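The values are calculated or read from the model by the stated rules, or taken from the named source; none is laboratory data. Just so you know, these numbers come straight off a predicted model, no measurement behind them. For neighbour counting, all protein chains shown are included, and Cβ atoms are generated from backbone atoms with ideal geometry for every residue, glycine included. Accessible surface areas use protein heavy atoms only, side chains included; no ligands, DNA or RNA. Shrake-Rupley method; radii C 1.70, N 1.55, O 1.52, S 1.80 Å.
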Amino acid sequence: MTAFDYNPAFSRNLGVVSPDEHQRLRNATVAIAGMGGVGGDYLISLVRAGVGHFHLAEFDEFELVNFNRQYGANMQTIGRRKLDVMIEYALQINPELQIEAFPGGIDTANIGAFLAGVDLAIDAVDAFAVDIHPLLVNAATERGLATIAAVPLGLGAGVLAFGPQGMSYADFFAITPDMSEDEKIVQFMLGFAPEMYHLKYLDPAFINLKARKGPSSIAGCKLCTGFITTQALLALLHPEELRCVPWYTYLDARLGRFRHRRLWMGNRHPLQRLKSYVAKRRLEKLGAAS
């Protein structure tokens, strides 16, 4: 049986990163909140990139409906905790990993411990969990940490980075306490995909905000993973290159449309406010019809 050795195991990373940078990745600690649609794939990709320490949070178990996109979902893992499964997969790649697990997910009681001693935070929480995203981003920003996040959108992905040098979560998304949960979700999605290209081909019959359900594709999830792995390497090795909000990145691979630009004023931009108003009216009509 071949013994594990970090250097040859990840030697093909060299040339993309320098030997010194590779060692920095080995010593880095990344906190990932969520091991579901995208978070589990983030973990595996960052392990293969050479990151050696993780804080991982997830409370859910694998189900049959996870099969179309989630890394750890298969017939052998149905009913098992996602966190346990993904830790097993990660350790099969690098048995020397140092992992601190948070099996209850993140909340106000443990967010300090979750972020203690980490170099980067990654938001992989379900997009519909509108109150958990600001908890993570705000706590990380207060500690001087960057938080990176991506959302799969049809056959594409939207990507954002937050940090002390960028706009605050509240200023960018313009989510207010008086908004309904549905309105908060709309504001969240608008911030990741201002052009909303994916709505050109998504079937609205399969979008149900009340049930917190929507269409998803492995293509979008994999695009998120590529973007987040790249953003993580920038944040850890070249933080001066990381562009925080109001910068956003949005790619729709089906339509061949790509945007990497500043969203001036975030969701308070006049066009964003108009889109939000239209979306709100549509939600009201859907609610009246149901």
Worksheet item: What residue, of Ala219, Ala235, Ala211, Ala205, is touching a strand residue (DSSP E or B) at 6+ places or on another chain (Cβ under 9 Å), among the small types (Gly, Ala, Ser) and farther than 21 Å from Leu263 by Cβ?
Response: Ala219
Item to complete: Just need a number here: residues in segment 121-151 that are surrounded by fewer than 22 Cβ atoms within 10 Å (Cβ to Cβ), touching a residue at least 24 places away in the same chain (Cβ under 8 Å) and in a helix (DSSP H, G or I).
Response: 6
Worksheet item: Which of the following residues is more than 30 Å from Ala49 (Cβ to Cβ), touching a residue at least 24 places away in the same chain (Cβ under 8 Å), open to solvent by less than 60 Å² (accessible area, probe 1.4 Å) and not in a helix (DSSP H, G or I): Leu251, Leu202?
Response: Leu202
Practice prompt. Output the residue which, of all residues in segment 254-290 that are at pLDDT below 85 and among the hydrophobic types (A, V, I, L, M, F, W, C), is most open to solvent (accessible area, probe 1.4 Å).
Written response: Leu286
Discussion item. If I go through segment 27-59 residue by residue, how many of them are more than 19 Å from Ser217 (Cα to Cα), of a type outside the set (Gly, Ala, Ser) and open to solvent by 10 Å² or more (accessible area, probe 1.4 Å)?
Written reply: 7
Discussion item. If the requirement is being open to solvent by less than 40 Å² (accessible area, probe 1.4 Å) and in contact with a His (Cβ under 9 Å, 6 or more places away or on another chain), which of these qualifies: Phe62, Phe102?
Written reply: Phe102
Worksheet item: Quick one: is Cys221 farther than 19 Å from Phe162 by Cβ, buried (at least 16 other Cβ atoms within 10 Å of the Cβ) and not aliphatic (A, V, I, L, M)?
Response: yes
Worksheet item: What is the number of the single condition among (1) in a loop (DSSP other than H, G, I, E, B); (2) out of contact with any Ser or Thr (no Cβ under 7 Å at 6 or more places or on another chain); (3) in contact (Cβ under 8 Å) with a residue 40 or more places away in the chain that Gly154 does not meet?
Response: (2)
